[in-house]
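Worksheet: the structure to be examined is printed underneath.
The values are calculated or read from the model by the stated rules, or taken from the named source; none is laboratory data. Please read these numbers as outputs of a predicted model, since none were measured by experiment. Backbone-built Cβ (ideal geometry, glycine too); neighbour counts: all protein chains shown.
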Amino acid sequence: MKVVYTDSLVIGGGLAGLRVAIASKKRGMETIVLSLIPAKRSHSAAAQGGMQASLGASIKGEGDNEDVHFGDTVKGSDWGCDQDVARMFVNTAPKAIRELATWGVPWSRIRPGDREVVVNAEKVTITEKEEAEGLITARDFGGTKKWRTCFTADGTGHTMLYAMDNKAIELDIPVHERKEVISLIHEGDQCYGAVVRDLVTGELIAYVAKATTIATGGYGRIYAVSTNAVICEGMGAAIALETGKAPLGNMEAVQFHPTAIVPVGILTTEGCRGDGGVLRDIDGYRFMPDYEPDKKELASRDVVSRRMTEHMRKGKGVPSPYGDHLWLDITILGKAHIEKNLREVKEICEYFLGIDPVTDWIPVRPTQHYSMGGVRTKPNGESPGLKGLFSVGEGACWDMHGFNRLGGNSVAETAVSGMIVGEYVADHCEQTDISIPTSLVKGFLNREQKNIDTLFARESGENVYELRDAMQTIMMDKVGIFRDGAHLQEAVDELKALLKRCDNIVVRDKAPSSNPELVNALRVPRMIKLALTVACGALARTESRGAHSREDYPERNDRDWLKRTLSYWKNENDELPTLEYEDLDIMKMEMPPGFRGYGNDNTIHHPDTERRLAEVEQITASMPNADRHEIQEALLKYDLPEKLKGKNERVGVGYK
Amino acid sequence: MSDKIQIQANGNGPGRKLKFNILRYNPQLAGDKPRMVTYEVEEAAGMTIFIALNEIREKQEPSLQFDFVCRAGICGSCGMVINGRPDLACRTLTAKFPSGEITLLPLPAFELIGDLSVNTGKFMRAMSERIGSWIHSSDADNRDLTILEERMDPDLADEIYELDRCVECGCCISACGTKRMRDEFLGAVGFMHVARFHMDSRDHRSDDDWYEVIGDDDGVFGCMTLLGCEDNCPKDLPHQTQIAFLRRSMVKVA
Ligand SMILES: Cc1cc2nc3c(=O)[nH]c(=O)nc-3n(C[C@H](O)[C@H](O)[C@H](O)COP(=O)(O)OP(=O)(O)OC[C@H]3O[C@@H](n4cnc5c(N)ncnc54)[C@H](O)[C@@H]3O)c2cc1C
Ligand code: SF4
Ligand code: SF4
Ligand code: FES
């Protein structure tokens, strides 16, 4: 029996996991990162467009601050987010980006003077201030009031991840690569670490730790077409689910990005539209202004994706052998801009489509992109169901995104939540001593070994790839952008049947060491369980909120549904998840529910909304001489680790 | 303006039979020996080597090993030797090969994990530790994060990004004649990172410090400037210019 002991065990070497590891290591904790792949290859590297932080240095960001960022984030979430967490986030984002600047990210910087930009398909000249010279600049992104998305050309995730991993290397943090966590070790209400399968040797290893952090990214690959990397299979969420104790939050909240290329689903960044690109239909007509006259192509992602789908349903899509698509036109931005600021996009178009976006339109359509749901945590990042289990990044439902995350807010979340939760993880390690009987560890190892032995012993049965493909197709066809009760019920029934068939998977290749088929045989049943949490959550939620859009229940229903879905898999033999709900308390909100500003306002309001609105107004009115920080504090109190509490300086306004 | 999807950029027409000759060898299996095995795949429109290899694995040979993560030419996982040249397999269209015959070998110069999978991760971590691929500055950890960030020349930031685009795929290492002869030779990916940090105003290392890192035959003086690196770097990084620059800087120190 091989057992590795450590203080802080971090599952996942993407931006979020590495930042937690850095925090706990800096606090003197022995720290190990586990990853399927070398850390620098994590999916974080694929983020192109940028990171939101309200630095307000660029002229188009003037007047930006935490409050504006908070407002955009809450609205973007369709009031589904946790407002204390959104506050923790907006206050820390400027610090996170400045930290990354010292660690080496070559953020694009401000050149003072005139520069030409494209706004609403027209070239306009803006003038950057002299005093902002050399500070971090920002571009426009969907659903934001200010230009707030900081970037390095369109390789933002890459430069962030390289800086982060290099910092981890400097701190001598070991990353155990090609290791797959396949279950959590837990007893009672305590998590003790994880069982890991070495993907090269096939060996099972137990990692025992004071704190275990799941930072395994999203679950996009339960869908047939996704912008996500092929390893984004949601295993972190799945192993938490399988404990029966740690709930997953809002699994039905799945984002579709408007512009992935057809047919392969590789993303072209929102920066394309942020920088001035437009969407066109079969007639070459720019249709978004008809639907969203105000924000047009830069409405929130969920809105643009739905509008595109609506437009294609009207017969305005461009037919292709792979189904209809629309065009993304960035030709107006010109060669120089595209080759400098959108060069990954250019490379992708050249290699995968054989076109040049400087002169050609790009075939795109909405594609699965981001998982708002994940391992539910408290604001300190800890699971409400298991002590010592933490989660951060896309794999978590810390819940600053609610039902729709804004572009640029995700890599920001990874760095920010990593900083914050990392401190709480270190606190936990300092305060905890664990002693764990070897029999417990052995029990978990044996269970996994038995599972593998059973798979190897079976001589005939189900092909794992067929099961996976069937699941992905169900999710795509029946749990996609537009949803309705009948199709969701079909999806649930079909997924349930698939899960049953998983009891009979055959592994043709019997090699005990590296064995891709076995890896899939272990993952696919878990992915189907996740798919069931998504489909069941979507079926139960009889309203439309953010990315969850029910054609049979088109209104946002705060009265009955201002709550977060919690999914549990209570018993190993259950066929379906158990859903529970957690209310969002309007009376504690700094920003009570309102109209998001897209389409018609058909919200069914909660009775508390008016009460809280009046209360907020009264509190604000009672403090005529207070500044925005004092008013904020009076409306909503939130906690942060001491070292992250300070106000943020901005050029021209100081700490105001 | 285009009026059709042009993924079928080849003219071979779909349905062509492709022949993949793949080096098979699993060092984990006692008694296994390296051998070439041929698999046939029917070409589909827009097919990449990523798609073809998955099809082989799912339908014909479940034990076949290879590495893909982003499948979009971004993460650097999928370097392999494709008809004699190291390249990223995920963004290589099968249509590129008129003969329909594609030979795949694992990248040489790296530890073999199995079949087409090699341990670039271990290599790159060691390279990073060797050159200290992080900002060396007392400021990096002590700066007050509430104050304005340190200003930076916008041109310099852009120039650093140009060199920071390396995806650590290892193609340059596999294409390097010197690396094949000298095991300890740092190689082009290392030089590119050195050049990147050398250029960065936030990094306080002097040329003397850098000389300690690359000022010998395992460093920049060992390079024979045959430029296998430049010719095979999928990110088109400016190896020739940067190696020449580093060499000049190091000569000055010497
Ligand atoms: C194409 C694309 C572009 C994007 N662009 C932007 C953008 O411009 N701005 C923005 O804000 N967001 C963007 N996003 C979203 C953002 O990139 C991700 O949400 C974020 O990077 C996720 O980071 P993470 O650290 O949570 O997870 P990841 O970076 O996905 O890392 C997950 C880690 O977990 C490990 N892992 C997974 N399962 C296991 C297991 N079972 N055992 C051990 N290890 C495991 C993996 O090896 C990996 O190291 C983009 C996403 C995509 C798909
Ligand atoms: S320098 Fe080029 S070839 Fe070498 S590892 Fe980096 S990207 Fe790959
Ligand atoms: S130029 Fe130098 S580093 Fe590049 S391939 Fe030749 S010997 Fe190797
Ligand atoms: S799989 Fe990421 S570069 Fe090929």
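So, in segment A:200-223, of the ones that are within 14 Å of chain B (Cβ to nearest Cβ) and away from ligand 4 (no atom under 16 Å from the Cβ), which residue ends up nearest to the chain's Cα centre (by Cα)? Working first, answer last.
As a first pass, look at segment A:200-223 and keep what is within 14 Å of chain B (Cβ to nearest Cβ): A:200-203, A:216-218, A:220-221.
Among the residues that remain, those that are also away from ligand 4 (no atom under 16 Å from the Cβ) are: A:200-203, A:216, A:218.
Values: A:V200: 29, A:T201: 32, A:G202: 30, A:E203: 31, A:T216: 11, A:G218: 6 Å.
Among those that are within 14 Å of chain B (Cβ to nearest Cβ) and away from ligand 4 (no atom under 16 Å from the Cβ), it is A:G218.
Across segment B:203-248, which residue is nearest to ligand 1 (Cβ to nearest atom) among those that are buried (at least 18 other Cβ atoms within 10 Å of the Cβ) and polar (S, T, N, Q)?
Of everything passing the filter in segment B:203-248, B:N232 is nearest to ligand 1 (Cβ to nearest atom).
Checking the conditions here, which among A:A101, A:A86 is within 30 Å of A:R559 (Cβ to Cβ) and at pLDDT 95 or above?
On the way: A:A101 fails: within 30 Å of A:R559 (Cβ to Cβ).
From the options A:A101, A:A86, the qualifying one is A:A86.
Take A:N648 and tell me if it is touching a helix residue (DSSP H, G or I) at 6+ places or on another chain (Cβ under 9 Å) and among the polar types (S, T, N, Q). Let's see the steps before the verdict.
On the way: touching a helix residue (DSSP H, G or I) at 6+ places or on another chain (Cβ under 9 Å): yes; among the polar types (S, T, N, Q): yes.
Spelling it out, A:N648 is indeed touching a helix residue (DSSP H, G or I) at 6+ places or on another chain (Cβ under 9 Å) and among the polar types (S, T, N, Q).
Collect the residues in segment A:507-557 that are under 17 Å from A:R596 (Cβ atoms), buried (at least 24 other Cβ atoms within 10 Å of the Cβ) and of a type outside the set (S, T, N, Q), keeping them in residue-number order.
Once the filter is applied, which keeps residues that are under 17 Å from A:R596 (Cβ atoms), buried (at least 24 other Cβ atoms within 10 Å of the Cβ) and of a type outside the set (S, T, N, Q), segment A:507-557 yields A:R545, A:G546, A:A547, A:H548, A:R556.
A:D302 - would you say it is modelled with pLDDT under 95 and part of a loop (DSSP other than H, G, I, E, B)?
Working: modelled with pLDDT under 95: yes; part of a loop (DSSP other than H, G, I, E, B): no.
Against the criterion (modelled with pLDDT under 95 and part of a loop (DSSP other than H, G, I, E, B)), A:D302 does not qualify.
Return the residue satisfying two criteria in turn: it lies in segment B:99-145 and is free of Cβ contacts under 8 Å to residues at least 40 places away in the same chain and within 27 Å of B:A52 (Cβ to Cβ), and of such residues it is nearest to the other protein chains (Cβ to nearest Cβ).
So the residue we want is B:G121.
Among residues belonging to segment B:189-230 that are over 16 Å from B:T178 (Cβ atoms), away from every other protein chain (no Cβ under 14 Å) and charged (D, E, K, R), point out the one that is farthest from ligand 3 (Cβ to nearest atom).
Among them, the one singled out is B:D208.
If you check A:R115 against the conditions, is it within 14 Å of another protein chain (Cβ to nearest Cβ) and either assigned to a strand (DSSP E or B) or over 24 Å from B:R143 (Cβ atoms) (or both)?
It is true that A:R115 is within 14 Å of another protein chain (Cβ to nearest Cβ) and either assigned to a strand (DSSP E or B) or over 24 Å from B:R143 (Cβ atoms) (or both).
With the structure loaded, tell me whether A:M400 is under 16 Å from A:H257 (Cα atoms) and more than 16 Å from ligand 2 (Cβ to nearest atom) or whether it fails that test.
Details: under 16 Å from A:H257 (Cα atoms): no; more than 16 Å from ligand 2 (Cβ to nearest atom): yes.
It is false that A:M400 is under 16 Å from A:H257 (Cα atoms) and more than 16 Å from ligand 2 (Cβ to nearest atom).
If you scan segment B:12-63, which residues turn out to be part of a strand (DSSP E or B) and of a type in the set (F, W, Y)?
Within segment B:12-63, the first condition is being part of a strand (DSSP E or B), and the residues that meet it are B:17-24, B:35-42, B:48.
Selection gives B:F20, B:Y39.
Taking the conditions exactly as written (away from chain A (no Cβ under 12 Å), at pLDDT 95 or above and over 21 Å from A:L199 (Cβ atoms)), does B:M36 satisfy them or not? So that I can check it myself, show each step before the final result.
Working: away from chain A (no Cβ under 12 Å): yes; at pLDDT 95 or above: yes; over 21 Å from A:L199 (Cβ atoms): yes.
When the stated conditions are applied, B:M36 passes them.
Might you let me know whether segment A:591-605 holds any residue that is among the charged types (D, E, K, R) and either closer than 30 Å to A:E128 by Cα or not in a loop (DSSP other than H, G, I, E, B) (or both)?
Applying the first criterion (among the charged types (D, E, K, R)) to segment A:591-605 yields A:596, A:601.
Still in the list and also either closer than 30 Å to A:E128 by Cα or not in a loop (DSSP other than H, G, I, E, B) (or both): none.
Scanning segment A:591-605, I find no residue that is among the charged types (D, E, K, R) and either closer than 30 Å to A:E128 by Cα or not in a loop (DSSP other than H, G, I, E, B) (or both), so the answer is no.
Tell me, please, whether a residue that is more than 16 Å from ligand 4 (Cβ to nearest atom), under 30 Å from B:S117 (Cβ atoms), in a helix (DSSP H, G or I) and of a type in the set (F, W, Y) can be found in segment B:233-252. Explain how you work it out, then say what you get.
Filtering segment B:233-252 for residues more than 16 Å from ligand 4 (Cβ to nearest atom) gives B:238-252.
Then keep just the ones that are under 30 Å from B:S117 (Cβ atoms); that gives B:238-239, B:242-243.
Adding the requirement that they be in a helix (DSSP H, G or I) leaves B:239, B:242-243.
So of that shortlist, the ones also of a type in the set (F, W, Y) come out as none.
Looking through segment B:233-252, none of the residues is more than 16 Å from ligand 4 (Cβ to nearest atom), under 30 Å from B:S117 (Cβ atoms), in a helix (DSSP H, G or I) and of a type in the set (F, W, Y).
Which residues, taken from segment B:52-90, are farther than 21 Å from B:P27 by Cα, within 14 Å of ligand 4 (Cβ to nearest atom) and within 7 Å of chain A (Cβ to nearest Cβ)?
B:V69, B:C70, B:R71, B:A72, B:G73, B:I74, B:C75, B:G76
Restricting segment A:332-377 to residues that are assigned to a loop (DSSP other than H, G, I, E, B) and among the acidic types (D, E), which is nearest to the other protein chains (Cβ to nearest Cβ)?
Just the residues of segment A:332-377 that are assigned to a loop (DSSP other than H, G, I, E, B), to begin with: A:342, A:354-361, A:372-373, A:377.
Cutting the leftovers down to among the acidic types (D, E) gives us A:356, A:360.
Details: A:D356: 9, A:D360: 4 Å.
Checking each candidate, the answer is A:D360.
Search segment A:230-264 for residues being under 17 Å from A:V304 (Cα atoms) and not β-branched (V, I, T), and hand back the single one that is nearest to the other protein chains (Cβ to nearest Cβ).
A:A260
For residues that are buried (at least 19 other Cβ atoms within 10 Å of the Cβ), more than 16 Å from ligand 1 (Cβ to nearest atom) and in contact (Cβ under 8 Å) with a residue 60 or more places away in the chain, tally how many sit in segment B:60-87.
Matching residues across segment B:60-87 total 4.
Report yes if some residue within segment A:168-175 is facing chain B (nearest Cβ under 10 Å), closer than 26 Å to A:G49 by Cβ and in contact (Cβ under 8 Å) with a residue 60 or more places away in the chain; otherwise report no. Don't jump to the end; show me each part of the working.
Residues of segment A:168-175 that are facing chain B (nearest Cβ under 10 Å), as a first pass: A:168-172, A:174-175.
Right, trim to closer than 26 Å to A:G49 by Cβ and you get A:168.
Still in the list and also in contact (Cβ under 8 Å) with a residue 60 or more places away in the chain: A:168.
Yes, there is a match, as at least one residue in segment A:168-175 is facing chain B (nearest Cβ under 10 Å), closer than 26 Å to A:G49 by Cβ and in contact (Cβ under 8 Å) with a residue 60 or more places away in the chain.
Would you pick out the residues in segment B:216-232 that are more than 16 Å from ligand 4 (Cβ to nearest atom) and either under 14 Å from the mean Cα position of the chain (by Cα) or β-branched (V, I, T) (or both)?
B:V220, B:T225, B:G228, B:C229, B:E230, B:D231
So which helices (runs of 4 or more DSSP H) are wholly in segment B:101-198 and hold at least 1 residues that are under 24 Å from A:V416 (Cα atoms) and not acidic (D, E)?
Details: elements: B:120-131, B:139-142, B:154-164, B:171-174, B:177-181.
Those helices (runs of 4 or more DSSP H) span B:139-142, B:154-164.
Of the residues B:L246, B:L148, B:L163, B:L186, which is within 14 Å of ligand 2 (Cβ to nearest atom), assigned by TED's automatic domain parsing to the domain that holds B:S133, more than 18 Å from the chain's Cα centre (by Cα) and of a type outside the set (G, A, S)? Lay out the reasoning, then the answer.
Numbers: B:L148 fails: within 14 Å of ligand 2 (Cβ to nearest atom); B:L163 fails: more than 18 Å from the chain's Cα centre (by Cα); B:L186 fails: more than 18 Å from the chain's Cα centre (by Cα).
Exactly one residue qualifies, and that residue is B:L246.
Which condition number does B:F110 fail, the rest of (1) within 16 Å of ligand 3 (Cβ to nearest atom); (2) assigned by TED's automatic domain parsing to the domain that holds B:S63; (3) out of contact with any Phe, Trp or Tyr (no Cβ under 8 Å at 6 or more places or on another chain) being met?
Failing condition for B:F110: (3).
Looking at segment A:36-68, which of its residues are at the interface with chain B (Cβ under 9 Å from one of its Cβ atoms), closer than 19 Å to A:G13 by Cα, in contact with a strand residue (DSSP E or B) (Cβ under 9 Å, 6 or more places away or on another chain) and not in a helix (DSSP H, G or I)?
Restricting attention to segment A:36-68, the residues satisfying the condition of being at the interface with chain B (Cβ under 9 Å from one of its Cβ atoms) are A:36-43, A:45-46, A:48, A:55, A:57.
So of that shortlist, the ones also closer than 19 Å to A:G13 by Cα come out as A:36-43, A:45-46, A:48.
Right, trim to in contact with a strand residue (DSSP E or B) (Cβ under 9 Å, 6 or more places away or on another chain) and you get A:36, A:38-39, A:46, A:48.
Once the filter is applied, which keeps residues that are at the interface with chain B (Cβ under 9 Å from one of its Cβ atoms), closer than 19 Å to A:G13 by Cα, in contact with a strand residue (DSSP E or B) (Cβ under 9 Å, 6 or more places away or on another chain) and not in a helix (DSSP H, G or I), segment A:36-68 yields A:L36, A:P38, A:Q48.
When both residues are 6+ apart or on different chains and their Cβ atoms are under 6 Å apart, which pairs have a first residue that lies in segment A:535-549 and is outside any strand (DSSP E or B), and a second that is among the hydroxyl-bearing types (S, T, Y) and surrounded by 24 or more Cβ atoms within 10 Å (Cβ to Cβ)?
Pairs found: A:G537/A:T565.
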